[in-house]
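The values are calculated or read from the model by the stated rules, or taken from the named source; none is laboratory data. Please read these numbers as outputs of a predicted model, since none were measured by experiment. Note that each Cβ is placed from the backbone with ideal geometry, even for glycine, and that neighbours are counted across all protein chains shown. Note: areas computed on protein heavy atoms with side chains; ligands, DNA, RNA excluded. Shrake-Rupley method; radii C 1.70, N 1.55, O 1.52, S 1.80 Å.
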Amino acid sequence: MITLDHEGESSCFFKKACAVGEDRFRFLESGWAAGGNVIACTQPRRIAATSVASRVAAEVGTILGDEVGYIIRFEDVSNKDRTRILYMTDGMLFRETLIDPLLSRYSVIMVRVFVHNPLILTYMI
């Protein structure tokens, strides 16, 4: 399943990230991350991926890198066996398609779509 989160030019990043974090909890509680599957959440920038992952890990009540982690260029703070919610930049999701074109590891991929860069969705599809 791929879900799209559209962010308009006037929306606040932190307000939007908090609201979308609730969707990830619903997916986790509904069993979308069972059986070794992962919920992937893209963020446009590295600082966004790391900061939102830290906040969500605190809300879940786990340490960063355990159930909630992130992957950015040159840095992987996740556990291949235990991480269920994984934040990453759009570029890292593209890199994952080189390894596994079907992205079979992921049960849900939440793509953050920005008005500033509409082509990213075209490349993903």
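So is V77 at pLDDT 90 or above and either buried (at least 22 other Cβ atoms within 10 Å of the Cβ) or under 12 Å from M110 (Cβ atoms) (or both) or not? Spelling it out, it is not the case that V77 is at pLDDT 90 or above and either buried (at least 22 other Cβ atoms within 10 Å of the Cβ) or under 12 Å from M110 (Cβ atoms) (or both). Mind counting the residues in segment 85-101 that are out of contact with any Cys (no Cβ under 9 Å at 6 or more places or on another chain) and closer than 20 Å to I47 by Cα? The number of residues fulfilling the criteria is 8. Taking segment 31-48, which residues are more than 16 Å from R105 (Cα to Cα) and in contact with a helix residue (DSSP H, G or I) (Cβ under 8 Å, 6 or more places away or on another chain)? Passing the criteria: Q43, P44, A48. For segment 80-96: of the residues being basic (K, R) and closer than 21 Å to G35 by Cβ, which is least open to solvent (accessible area, probe 1.4 Å)? By that ranking, first place goes to R84.
Residues checked against (1) open to solvent by 50 Å² or more (accessible area, probe 1.4 Å); (2) modelled with pLDDT under 80:
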site	(1), (2)
I2	yes, yes
C18	yes, yes
R26	yes, yes
E29	yes, yes
G36	no, no
A49	no, no
A53	no, no
V56	no, no
G61	yes, no
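Of the listed requirements (1) crowded, with 20+ Cβ neighbours inside 10 Å; (2) modelled with pLDDT under 90; (3) over 12 Å from I39 (Cα atoms); (4) β-branched (V, I, T), I72 misses just one: (2).
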